Each structure stands twice: as C-alpha cells, then as structure tokens.
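Please read the structure below before turning to the comments.
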Amino acid sequence: MRDSTDIPALWDVIPQLFLLPLKGSGIVVLLVFSALAAFLSPLIFKIMLVFAVIKYGMEILQNTAIGVVEAPELSFKVLNENYQLPFKQLALLLLPAFLLYQVDSFVSFIIVSNIIVFYLFALPASVMTLAYTDSFFAAINPFSLLSLIRRIGWTYGILYVFLLLLNGGASAAYYFLFDYSTASLFFEILFQIYFTWVMYAMMGYVLYQYHEEIGYDLPNDSDEVNEDYIDFTDFNKLVEDENYQAAEAVLGDLLLQNLDNLDLRMKFHKLLKISGNNKQLLAVSIGTIARFIEARKLVDAVNIYLDCIKIDASFRPDSAEYYLPLAAEMRRMRLYKQAVELTSGFHQRYPDSDYIPHLYLLVSKILIEDLSQNDKAKAVLSFLNKKYPGHEIEPEVESYNQFLAKVMG
C-alpha cells in the first residue's frame, strides 16, 4: 500500500491527466466514439454511446484512483462489467430535474433550490463515492458527501474549479466550430468526450491522492494479505450499505484470526475512522501502532498515531520502546512539533527507561536544528548532563552545549 505522502499532488500531474485520453487506447476510443456519434443517425445508437462514454469514463476514474494514469483497454468486459454504473450516474445527473418536478409551492421551491445547489457543489464527490462504493444511496447521502469533501479539503475546491473550466472548454470548442456540419459536429462531440474523460481522470486521481484520509483501499501488491484466503464479500457489502457497525463486527472477527496481518489492521483502522467509533479506534490502535513499528512500517505507524491524538491529545504508545522510532520518523516527515509533544514527560512516565538519553538527544536536535528553540534545547541538554554523565551520548551533548554557548552568548 503506497503512502499518500509519496503521491504527487493533483496540480503536479495535471499535464499527464490532460494527455491521458490522447495516448494509447484512449485516443483510439475517443476517435471511434466521436465518429460513431457524429455519423450514426439512429437515436438508439446515440443513447447507447452516451452510456458507453460514461462507462469508459468511470473506467478511467477507477484507473487513476489506483495511480494508473493510463486509459483502459476497450473490451467487451470493460463495457459490460458493472454495467449498472452509467445508469446510476445518469440518475445522479437527473436528480436536480426530478427534485424540481416535485415542487408545488414557493416554500418547497426554496427548499429544493437549496438542495440542488448543494448537490451541484457535491456532484464531483458524489461521482467519486459512486465509483468506489458502487452505491447510489451512498452517492446521494449528504453526510457521506460532506465527510468526503472535508477529508479532501482545499483540493476539492481546486478540483471543482478545474471541472468547471473543463466543462466550459467543450462549449468554447463548439463556439469556434459554429458551422453546423457533420465535420464540426464530429469535433464538437470529440471535445465534449475528451473534456469529460479528463474530468473523470482528475476525480479518480484525487481519490488516489487522498485514499488514506478517505478510507479508500488501493489494490495491495504485497503478500501480507491473501485475498483468496480472506473473504471480504460480506464486509464490502456492509460498507457499501454504510452499515459500519456490522462491518466492524465482521472485520473484527477476521482480525482476531489474523492478529499480525497489517493490512487487515489498517483496513480496520480506516473503517473505525470513517464510522467515528473513536473509543474502539483508540483501543485497537495501541496494538496496531506497535505491530507497524515492529514491521518497520513507520510512516503508517505515525499516521495512525496522528489520527489518535486528534481524538485524544493524551494518547501515547503503551511501551517505552516505541517512542524513539516514532519520533525519529516524525522528524523525517517534518512533523517537528508533534515529535516534541510525543516525547514530553517521557522521563516521568518511564523514569528507568534506557531509551531516555537517545530520545532526549533527538529532541534536542529537533529543538536546535529544526525549530530554533534554543532555550528549550538547553534545558533538555542540561537534564542529560546531570542525569547521564559518562553515557555514550555525552560527546554529542557536549558538542550541542558548545554550539548553544556560541549562538546564545
């Protein structure tokens, strides 16, 4: 599972996303669909092509949602597998019209208008939710959509602006090709399909970039989980139905049978995070953090710890041995203040620990080199001098003391 900190931001890959429909299978499918739509007159064929365009767009979204910035091969399987997705998305697009049809008074018009404004803003989130849950009801659940938008943050606003510009891009292309001939119709359709597929690619990539925050699982290329051995069918169905309590029970049973399975633990952590079961999340995370540290998956351990302190600022690992690797990884991740906060009071919590000298030396380095908090560093170094004379860290402590004497006067 790739850590989200290693994934380039959306704005860094926009050129690749714009090129996606123009490379490999993408350009072939784009030309074929555009030609068929322009030159075939029967309405039934045009309707079928609309569904095919949406389905292929969803395939592009699902590709970029796992980090594959390539257009999928066009095949019978691609167009027919999960064939219900285009119908569900079409229902999403027609939802505002359906709501307006229900209006029978001024008050209902005001209410419906506000609902429509919200759903127009949340439409990208709705399409993304539909893509990774395959659930229409999850895609129109305002609480799920608001949660997704909140987890993505400002990037959602950037994505929305790009989608608006892309949607207008097709209209601009039509304006320049205003001569209503078969040729101009071909290019109008081509631009419309092209910009639509770029929009799908962007939405998928945002899912990929924020998969950890969202709780969206990438395909696992490690050998830690044997998908043939562990059956997630019931679990996936419960998550799609947003029956998180039952999903927790199913996954909890699986975890009890596979306590050292890190991927199961991460899946369980994400489920608890999404469902808001904070008490269970804190309880389970103690063992989860320990196992991730022991497996040297330190970035994951740090991210789980950060989730925990958002819920309870006093949360800490349950063993002294885990503080130093966590703090060191936090420093590598430039989480300097969080690293210092983690170690605060360690000598009182574990007064006889052999980890105190090296841990507090690390804290001193962070305070001096990263945070420029020399006064605090001086106090920590003074503590180390008094408490651990003759320790192997003494030369480094003395070196930092000399440095502080020069810079502080």
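The values are calculated or read from the model by the stated rules, or taken from the named source; none is laboratory data. Please read all numbers here as calculations on a predicted model, not as lab measurements. Please note: Cβ atoms are built from the backbone with ideal geometry, for glycine as well, and neighbour counts cover all protein chains shown.
For segment 242-258, the set of residues classified as surrounded by 16 or more Cβ atoms within 10 Å (Cβ to Cβ), hydrophobic (A, V, I, L, M, F, W, C) and more than 23 Å from N141 (Cα to Cα) consists of V250, L251, L254, L255, listed by residue number. Need the failing condition index for P96 against (1) surrounded by 14 or more Cβ atoms within 10 Å (Cβ to Cβ); (2) under 22 Å from Q62 (Cα atoms), just the number. Tallying (1) surrounded by 14 or more Cβ atoms within 10 Å (Cβ to Cβ); (2) under 22 Å from Q62 (Cα atoms), P96 fails exactly one: (2). Return yes when R349 is surrounded by fewer than 16 Cβ atoms within 10 Å (Cβ to Cβ), in contact with an Asp or Glu (Cβ under 9 Å, 6 or more places away or on another chain) and not assigned by TED's automatic domain parsing to the domain that holds V239 and no when it is not. The answer is no for R349.
Report whether or not S314 is hydroxyl-bearing (S, T, Y), on the phi < 0 side of the Ramachandran plot and in contact with an Asp or Glu (Cβ under 9 Å, 6 or more places away or on another chain). Can you show your working first?
Values: hydroxyl-bearing (S, T, Y): yes; on the phi < 0 side of the Ramachandran plot: yes; in contact with an Asp or Glu (Cβ under 9 Å, 6 or more places away or on another chain): no.
No, not satisfied.
Going by what's in this entry, would L361 be described as of a type in the set (A, V, I, L, M, F, W, C), under 30 Å from S275 (Cα atoms) and in a helix (DSSP H, G or I)?
On the way: of a type in the set (A, V, I, L, M, F, W, C): yes; under 30 Å from S275 (Cα atoms): no; in a helix (DSSP H, G or I): yes.
No; evaluated as a whole, the condition is false for this residue.
Annotation: of all residues in segment 366-390 being closer than 22 Å to I309 by Cβ and assigned to a helix (DSSP H, G or I), the one that is modelled with the lowest pLDDT is D370. Only residues that are under 21 Å from I115 (Cα atoms) and either in contact with an Asp or Glu (Cβ under 6 Å, 6 or more places away or on another chain) or not β-branched (V, I, T) (or both) were counted across segment 130-152, and they come to 15.
The residues of segment 294-310 that are in contact with a Leu (Cβ under 7 Å, 6 or more places away or on another chain), among the aliphatic types (A, V, I, L, M) and surrounded by 20 or more Cβ atoms within 10 Å (Cβ to Cβ), listed by number, are A301, V302.
Does S353 fit the bill of being part of a helix (DSSP H, G or I) and either among the small types (G, A, S) or in contact with a His (Cβ under 7 Å, 6 or more places away or on another chain) (or both)? Here the answer is no, as S353 does not meet what is asked. In segment 10-127, counting only helices (runs of 4 or more DSSP H) that sit wholly within it, the ones holding 2 or more residues that are on the phi < 0 side of the Ramachandran plot and under 23 Å from the mean Cα position of the chain (by Cα) span 14-19, 43-64, 84-101.
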